[in-house]
Amino acid sequence: MTLRWVSVWRRNMLVWRKLFAAAVLSNLADPLIMLFGLGYGLGALLPSVEGMSYIAFFAAGQLCTATMFTASFESMFSGFSRMHGQKTWDAILYAPLTIDDIVAGEIVWAASKAWLTGSTILGVVVVFGLASSPWVLLALPAAFLVGLAFSAVGLIMCVLARGWDFFSYYMTLMMTPMMMISGVFFPAEQLPAPLLAVAKALPLYHGVQIVRPLVAGGPPPDLWLHAAVLLAYAAAGYVLAIHFARRRFSS
Amino acid sequence: MTALLARALRKSYGELEVVSGVDLSVAPGECFGLLGPNGAGKTTTLKLCLGLIEPDGGAIELLGEPVPRRAREARRQVGVVPQFDNLDPDFTVEENLVVYGRYFRIPESRIRERIPGLLEFAGLAGRGDAKIITLSGGMKRRLTLARALVNNPQLVFMDEPTTGLDPQARHLIWERLRRLTQEGKTLVLTTHFMEEAERLCHRLAIMDRGRIIAQGTPRALIAEHIEPQVLEVHGQGYEAWMERAKTLAPRVERVGDTVYCYGEDIEPLLRSLSSFPDLSYLHRPASLEDVFLKLTGRDLRD
């Protein structure tokens, strides 16, 4: 593993800096509107969930969901635009970089952007007094891990895609149901056992299981197990994305 | 020492063999042209030489490095101008060069030092802050050329460098490419503009259906493969004249309603035209295009 991917990361970073306002607005406004709308609206009807106010409960889930969406959108839509539309990857490949370097740079970049979404939501959570213990700071590395897992999976979709429509399958069939069963809006434990088993096999559930106890103010039970699942998704996604990217670019 | 050497290169996509045994040898400082109709395998050959795709057979050596095994090392010293511009639309002219230089791990200060020279070369001096969207097609091509030079390469690959440009823009690119050869850089370009190949290239290879079918200097190719004089004739009643022409010229071809006659001595043909006042004609020396059409045929390639 070399650091050649850093120049790819820096390229994307420079574009992001130039389009800062639009990028931040789209990545943050949506999740925050959801957080306060649902959090206060539904929260008024609910006494408390798992010993937390509903808005604090939902904030932990929303932090992970927003991180997931930012990572996925960046690696799928923006990645596809760079790879397919602008042919930026082709241009990079004439230089002494390989497709492996590009895949690594894209995944780390999308995870970084997702991390920024997660940490900004964390900042809002802290400012609004929804979390007060220093434990919540551990949600920062957790958000990066969630970002890494979804960036890597998103990049597989990117290098497999033949057109833009392809991503709507992944979003509708994977991301939306995953969001519903991963304990974002309500405790996943109240789901029927088979659905809970599915949730446990997917990455978002494990992100929520790490972040929610941290917002509540304590160490997450089974922290290493949850982190290991997220890391496994990131690693497997990285390997598969490289495999499919090599195949795509060798023809 | 050769700048680029390819031996018995083969590449198939599924059932279709796109490159079927190509041998190439380009000397340092040479401008080498790869000519061929669409689908001849030119772009695939370039990609193989760059190590972007793996050959099914054969060997490549680019600037002394075996490709694809050490393609990354070879590409440090190589520039590429692709057929379709892929500049970064979100960046300015200057940012495009800076970001591209980083891919070669050139220190930022050194890239910045090189930028004024590169912009001058591209005819974009003072346009460093311009957005890509505001550039004309010719400017984009020149910026792509400047980008390919950001690492001061020994060898530059160009895939149809002037396709889609107007004559002014094309002549400016030609002038710049000659400047590069004067600086001692090796150029390898693909084209289907014969005029471009004839003007720029020291040596040419004509490629068709994955094979190199002729190789040499532009003049040698013309001398070797085609009669020096051409007479093109068309107009009312050309059929009758064509029968006469066949007895006067060694090679007579009809394409649509135009008759092409090739030969050493065209005078008897010209005299025969005096009794056919309705025919129009053009008498010209043979060109590379005639060689190309003779060797690759006149059928459309789409």
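Somewhere in segment B:44-57, is a residue under 22 Å from B:GLU17 (Cα atoms), of a type in the set (S, T, N, Q) and not in a loop (DSSP other than H, G, I, E, B)? The answer is yes, given that some residue of segment B:44-57 is under 22 Å from B:GLU17 (Cα atoms), of a type in the set (S, T, N, Q) and not in a loop (DSSP other than H, G, I, E, B).
Residues that are of a type in the set (A, V, I, L, M), within 30 Å of B:GLY79 (Cβ to Cβ) and in contact with a Leu (Cβ under 8 Å, 6 or more places away or on another chain): does segment A:110-124 have at least one? Talk me through it step by step, then tell me what you get.
Here is the first cut: in segment A:110-124, the ones of a type in the set (A, V, I, L, M) are A:110-111, A:114, A:116, A:121-122, A:124.
Now restrict to residues that are within 30 Å of B:GLY79 (Cβ to Cβ): A:110.
Filter again for in contact with a Leu (Cβ under 8 Å, 6 or more places away or on another chain), leaving A:110.
Among the residues of segment A:110-124, at least one is of a type in the set (A, V, I, L, M), within 30 Å of B:GLY79 (Cβ to Cβ) and in contact with a Leu (Cβ under 8 Å, 6 or more places away or on another chain), which makes the answer yes.
Within segment A:1-20, work out how many residues are more than 9 Å from every other protein chain (Cβ to nearest Cβ) and either closer than 16 Å to B:ASP90 by Cα or in contact with a helix residue (DSSP H, G or I) (Cβ under 6 Å, 6 or more places away or on another chain) (or both). Let's see the steps before the verdict.
Pass one, segment A:1-20, residues more than 9 Å from every other protein chain (Cβ to nearest Cβ): A:1-3, A:5, A:9, A:12-13, A:16-17, A:20.
Filter once more, so that each one left must be either closer than 16 Å to B:ASP90 by Cα or in contact with a helix residue (DSSP H, G or I) (Cβ under 6 Å, 6 or more places away or on another chain) (or both): A:5, A:9, A:12-13, A:16-17, A:20.
The qualifying residues number 7.
Cβ-Cβ distances below 9 Å connect the following pairs, each with a first residue in segment A:45-64 that is under 14 Å from A:VAL208 (Cα atoms) and in contact (Cβ under 8 Å) with a residue 60 or more places away in the chain, a second residue that is buried (at least 23 other Cβ atoms within 10 Å of the Cβ) and among the polar types (S, T, N, Q), and a separation of six or more residues or different chains: A:GLY61/A:SER182; A:LEU63/A:THR117; A:CYS64/A:SER182.
Evaluation of B:THR2 against the conditions (1) under 26 Å from B:LEU165 (Cβ atoms); (2) among the β-branched types (Val, Ile, Thr); (3) at pLDDT below 95 shows that the sole unmet condition is (1).
The conditions of being away from chain B (no Cβ under 14 Å), buried (at least 24 other Cβ atoms within 10 Å of the Cβ) and among the hydroxyl-bearing types (Ser, Thr, Tyr) are met by A:THR117. In a residue-by-residue description of segment B:102-109, the property of being out of contact with any strand residue (DSSP E or B) (no Cβ under 6 Å at 6 or more places or on another chain), buried (at least 22 other Cβ atoms within 10 Å of the Cβ) and modelled with pLDDT of 95 or more applies to at least one position. The residue pairs whose first member lies in segment B:142-168 and is modelled with pLDDT of 95 or more, whose second member is among the polar types (S, T, N, Q) and not in a loop (DSSP other than H, G, I, E, B), and whose beta carbons are closer than 7 Å, counting only pairs six or more residues apart or on different chains, are B:LEU143/B:ASN96; B:ARG147/B:ASN96; B:GLN154/B:THR186; B:LEU155/B:THR186. Restricting to segment B:61-96, give me the number of residues that are outside any loop (DSSP other than H, G, I, E, B), facing chain A (nearest Cβ under 8 Å) and within 20 Å of A:LYS87 (Cα to Cα). Here the count works out to 6.
Under the condition of being more than 21 Å from the chain's Cα centre (by Cα) and either more than 9 Å from every other protein chain (Cβ to nearest Cβ) or crowded, with 23+ Cβ neighbours inside 10 Å (or both), the residues counted in segment B:41-60 number 5.
Of the residues B:LEU48, B:LEU63, the single one that is at negative phi, assigned by TED's automatic domain parsing to the domain that holds B:ARG105 and of a type outside the set (Ser, Thr, Tyr) is B:LEU48.
When segment B:97-140 is filtered for residues that are within 14 Å of another protein chain (Cβ to nearest Cβ) and charged (D, E, K, R), the ones remaining, listed by number, are B:ARG102, B:ARG105, B:GLU108, B:ASP129, B:LYS131, B:LYS140.
Can you work out which of the residues in segment B:155-171 that are in contact with a strand residue (DSSP E or B) (Cβ under 9 Å, 6 or more places away or on another chain) and away from chain A (no Cβ under 14 Å) is nearest to B:LEU87 (Cα to Cα)? Ranking the candidates gives B:PRO161 first. Just one of the listed residues (A:ALA60, A:ALA71) is in a helix (DSSP H, G or I) and in contact with a strand residue (DSSP E or B) (Cβ under 9 Å, 6 or more places away or on another chain), namely A:ALA60. Counting only helices (runs of 4 or more DSSP H) that sit completely within segment B:127-245, those holding 3 or more residues that are among the acidic types (Asp, Glu) correspond to B:194-200. Take the residues in segment B:279-291 that are in contact with a helix residue (DSSP H, G or I) (Cβ under 9 Å, 6 or more places away or on another chain) and either free of Cβ contacts under 8 Å to residues at least 60 places away in the same chain or in a helix (DSSP H, G or I) (or both), then tell me which one is farthest from B:HIS192 (Cα to Cα). Top of the filtered list is B:LEU279. Of the residues A:ASP100, A:ASP90, the single one that is acidic (Asp, Glu), over 20 Å from A:HIS226 (Cα atoms), modelled with pLDDT of 95 or more and touching a helix residue (DSSP H, G or I) at 6+ places or on another chain (Cβ under 8 Å) is A:ASP100.
Restricting to segment B:112-149, give me the number of residues that are more than 18 Å from B:ALA169 (Cβ to Cβ) and surrounded by fewer than 16 Cβ atoms within 10 Å (Cβ to Cβ). Selection size over segment B:112-149: 7.
The values are calculated or read from the model by the stated rules, or taken from the named source; none is laboratory data. Please read these numbers as outputs of a predicted model, since none were measured by experiment. Neighbour counts run over all protein chains shown; Cβ positions are idealised from the backbone, glycine included.
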